[in-house]
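Q: Let me begin by handing over the structure; questions about it come next.
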Amino acid sequence: MKVVEVLIEYANYSLDRPFSYCYKGNKTLDVGFRVLLKFNNRELVGYITKCYETDKSVEELEKEFGFSIDEVIDVIDSSALLSDDLLKLADEVADYYIAPKISVLQSMLPPSLSPRKSSLKAPKIAYDIYVKAVDNDESGLTDKQIELLRLISSADSVLKREIKQVSILKKLVEYGRVAEFKVEKRRLEIPDFEYIAPPELTNEQKGVIKEFNESDDKVYLLEGVTGSGKTEVYLTLSEQVLKEGKSVLMLVPEISLTPMMVEYYLRRFKGDVAILHSQLTPAEKYDEYRKIANGDCHIVVGARSAIFAPLKNIGLIILDEEHVESYKQDTVPFYHAREVAIMRGKMHKAKVILGSATPSLESRARAQKNIYHLLLLNNRVNNKELPQTTIVNLSDYRNIDRDSYIFSRRLRSEISGVLSRHEQAILLINRRGFSTSVSCRKCGHIFKCPTCDIALTYHKSDNMLKCHHCDYVMTMPEECPECGSKYIMKTGFGTEKIEEEVNRLFPEARTLRLDSDSAKIRTKIPAIIEEFRQKRADILIGTQMIAKGHDFPNVTLVGVVLADIGLSMPSYRSNERAFQLITQAVGRSGRKDKKGIAIIQTYMPNNYAITMSARQNYELFYRKEMEFRRLQSYPPYSYLASVTVAGKNEEHVIEGMVSLIEFLNHEFGDNGQILGPTIPYVPFEGNNYLRTALIKYKDQKLAREILKKAISLYSTKSQFHLSINIDPYNF
Ligand code: ADP
Ligand code: ZN
Ligand code: ZN
């Protein structure tokens, strides 16, 4: 009989320890296999962390352990899921993020292999069946059979389903002339891009590559203005690494938004590339994952979770647009791909490159202290000028007239200019939908999400009210549910309203809209981007999605319709976010031969995030923002952790939080500052009430000890559920 210790699929702190089971069957099982088992009368999936033979009986073991031991119901896998280095990485991630180990394993593995019950229904390997001739002896065959045998012999192998003469084929197989064999199918269809020879590198690009190659440092921050040719640097370095027989991990924030990067890699490296991101179907993910694990390709281009791709012998890890927040997972284990990349790089003795035009303050501060090696690209390729940028003050009445309260005179005249020159424009408004707040004119009732308690957004295209936090939707009511009044007021505007305004003012303009509403259909985003690149539209209207990484050669105008959105959010990162967004957006203008301009509309023309992004001056912004962070003791001058308590009973949640804060205050003393309890922006999660607190500290080791103590004290309480987020972003 075998005894196994397993982690249960529930990612709770209170269950974050091994449970013992026995196995009497005859399947192989070992560490790293998944098993089906009963836990508290529920069928669950467990992940084996320890496995050994025993001569003892169950009764003897139960006596020895002091608890009852159930039997494993079934063994799911026939080999271990994770290699030793990934297991080691999982431990390190769980330790850094103080996360239940199982949550890390679940983040690492694709749905079909994940240690959770739902994985059992997930897709398995798909095969194509081929036939090939194995014996060309034609004696005793009919003419029809000979004909088919000759046809099959003339090729190496033929897809079985392409042969129409099914019964003749069957006979040939029966007679041993033709054999069937199966080949694993790759369900992700990869377009066949033509190879394009690399361009002659600019002197700046060569300089950066030389500096990289001559240094023994491990982590690099490649800071290059928009259009400075960072991608070509990545490609060149990737090629070097492949030539050394090592592999490359290339991360981008969101593949559907940056299909260009995939295309660049496919053109340069063809079939050596696997792709991993959230838009793939579970079947596609599974195929790509196995392809990587089998060593069939040496480059992975992927989004956040691709940092866990089972690549062997990694020589280089690249995070493009390292400042983008989607690298941080916003559910347990709350990991950030940058930190994991650095951990993984260390294990493989691989170099790590973080690239951005607007690095996160944390990364730039580390570069300043020589923790990261700073590489600079100061000029656009071929010294193309940065776009000329104008800030339009919306509170100055001279800038606005009655023709439009959304587009200033200046922005309108620039749009007209673009249209008459047959160039293209991008309009950024970082809010989707039509109106951002809907209320009753008579009684003041505000339409809110019943689960999240935040204002619903009106979407005109389908006449619905939608919650932008959860997936709640309702059809737009005709009258107020409180007082029955028909006067319902819609205020604030988003992408839909902007599109309507453009269509009203410039009826001849062809428009496209790109926001996460467009992302509901899987292939829609790349389709819209491609349509715009092909110049089948004049104006692209969208949220931050359009600001990222795209290279549209014909765009000569970028209009930021309202730069202030986000700046009023109560977060220490709001300046940084606004600066990055506007800088990236402005950088989309004038990238090829034509000169570009940008117009930034704002009610806060003196805000330094806006003025510095207008000047594309990262350096000055960095210094000002660092001063602010220092005064407020925010990262990178301190570390942050947030603790959240969730539960069905609000009173218990509040009591729990107050007691937890007392504990933290006592333990941290002068070594930390605890802010809270606060009601989060979205105060509910499912049916649970939430309360959070934020901890600022400088000593990571001490904080980890205290938080672990807090877990052991508070996670076993049944009235609420505790979660911890290390380096949280939403504060
Ligand atoms: P970044 O990512 O730094 O914003 P890109 O990598 O998108 O910039 O490069 C901007 C443009 O310059 C792209 O169209 C790219 O193909 C082109 N480019 C890059 N390097 C070179 C080079 N050495 N010679 C000519 N064109 C280049
Ligand atoms: Zn009303
Ligand atoms: Zn909601």
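Q: Taking ALA90, is it under 25 Å from GLN700 (Cβ atoms) and touching a Pro at 6+ places or on another chain (Cβ under 7 Å)?
A: Working: under 25 Å from GLN700 (Cβ atoms): yes; touching a Pro at 6+ places or on another chain (Cβ under 7 Å): no.
Against the criterion (under 25 Å from GLN700 (Cβ atoms) and touching a Pro at 6+ places or on another chain (Cβ under 7 Å)), ALA90 does not qualify.
Q: Also: Can you tell which of HIS422, HIS459, HIS445 is within 16 Å of ligand 3 (Cβ to nearest atom), farther than 19 Å from GLN601 by Cα and not hydrophobic (A, V, I, L, M, F, W, C)? Let's see the steps before the verdict.
A: On the way: HIS422 fails: within 16 Å of ligand 3 (Cβ to nearest atom); HIS445 fails: within 16 Å of ligand 3 (Cβ to nearest atom).
Answer to the selection: HIS459.
Q: Here's a follow-up. If a residue must be in contact with a strand residue (DSSP E or B) (Cβ under 6 Å, 6 or more places away or on another chain) and among the hydrophobic types (A, V, I, L, M, F, W, C), how many such residues does segment 160-172 contain?
A: 1
Q: Taking SER568 and the conditions (1) outside any helix (DSSP H, G or I); (2) among the polar types (S, T, N, Q); (3) more than 27 Å from ALA365 (Cβ to Cβ), which numbered condition does it fall short on, given that it satisfies the others?
A: (3)
Q: Can you name the residue in segment 7-42 that is assigned to a strand (DSSP E or B) and either touching a residue at least 60 places away in the same chain (Cβ under 8 Å) or on the phi > 0 side of the Ramachandran plot (or both) and is also surrounded by the most Cβ atoms within 10 Å (Cβ to Cβ) among such residues?
A: Narrowing segment 7-42 to residues assigned to a strand (DSSP E or B): 7-8, 19-23, 34-39, 42.
Filter again for either touching a residue at least 60 places away in the same chain (Cβ under 8 Å) or on the phi > 0 side of the Ramachandran plot (or both), leaving 7-8, 34, 36.
Details: LEU7: 23, ILE8: 23, ARG34: 26, LEU36: 15.
Taking the candidates together, the pick is ARG34.
Q: Listed residues ILE446, ILE454; which is surrounded by 16 or more Cβ atoms within 10 Å (Cβ to Cβ), farther than 24 Å from ILE255 by Cα, of a type in the set (A, V, I, L, M) and touching a strand residue (DSSP E or B) at 6+ places or on another chain (Cβ under 7 Å)?
A: ILE454
Q: In segment 43-52, what residues are within 29 Å of LEU707 (Cα to Cα) and crowded, with 16+ Cβ neighbours inside 10 Å? Walk me through how you get there before you give the answer.
A: Start the filter on segment 43-52 by keeping residues that are within 29 Å of LEU707 (Cα to Cα), which leaves 44-50.
Once the filter is applied, which keeps residues that are within 29 Å of LEU707 (Cα to Cα) and crowded, with 16+ Cβ neighbours inside 10 Å, segment 43-52 yields LEU44, VAL45, GLY46, TYR47, ILE48, THR49.
Q: Also: Taking segment 213-239 on its own, how many of its residues are surrounded by 16 or more Cβ atoms within 10 Å (Cβ to Cβ) and either more than 21 Å from GLU362 (Cβ to Cβ) or within 16 Å of ligand 2 (Cβ to nearest atom) (or both)?
A: 11
Q: Quick one: in segment 369-392, of everything that is out of contact with any strand residue (DSSP E or B) (no Cβ under 7 Å at 6 or more places or on another chain) and at pLDDT 95 or above, which residue is farthest from ligand 2 (Cβ to nearest atom)?
A: Looking only at segment 369-392, we keep the residues that are out of contact with any strand residue (DSSP E or B) (no Cβ under 7 Å at 6 or more places or on another chain), and these are 369-371, 378-386.
Subset that is at pLDDT 95 or above: 369-371.
Details: LYS369: 57, ASN370: 61, ILE371: 57 Å.
Ranking the candidates gives ASN370 first.
Q: May I pose another question? GLU362 versus (1) closer than 30 Å to LYS520 by Cα; (2) of a type outside the set (Lys, Arg); (3) within 28 Å of the chain's Cα centre (by Cα): which is the lone unmet condition?
A: (1) is the only condition that GLU362 fails.
Q: Within segment 339-396, considering only strands (runs of 3 or more DSSP E) that don't extend past its boundaries, which have at least 2 residues that are surrounded by 22 or more Cβ atoms within 10 Å (Cβ to Cβ) and among the aliphatic types (A, V, I, L, M)?
A: On the way: elements: 351-356, 373-377, 388-393.
It comes to 351-356, 373-377.
Q: Follow-up. Of all strands (runs of 3 or more DSSP E) completely enclosed by segment 413-467, which ones contain at least 3 residues that are within 16 Å of ligand 2 (Cβ to nearest atom) and not aliphatic (A, V, I, L, M)? Walk me through it before giving the result.
A: Details: elements: 424-428, 437-440, 457-459, 464-466.
Ranges flagged: 437-440.
Q: Now, a different point. Is it true that LYS490 is more than 16 Å from ligand 1 (Cβ to nearest atom), among the charged types (D, E, K, R) and either in a strand (DSSP E or B) or on the phi > 0 side of the Ramachandran plot (or both)? Talk me through it step by step, then tell me what you get.
A: Details: more than 16 Å from ligand 1 (Cβ to nearest atom): yes; among the charged types (D, E, K, R): yes; either in a strand (DSSP E or B) or on the phi > 0 side of the Ramachandran plot (or both): yes.
When the stated conditions are applied, LYS490 passes them.
Q: If I filter segment 468-486 down to residues being under 24 Å from TYR689 (Cβ atoms) and free of Cβ contacts under 8 Å to residues at least 12 places away in the same chain, which single residue comes out as nearest to ligand 2 (Cβ to nearest atom)?
A: The residue in question is VAL473.
The values are calculated or read from the model by the stated rules, or taken from the named source; none is laboratory data. Remember, predicted model here, so these are calculated numbers, not experimental data. Note that each Cβ is placed from the backbone with ideal geometry, even for glycine, and that neighbours are counted across all protein chains shown.
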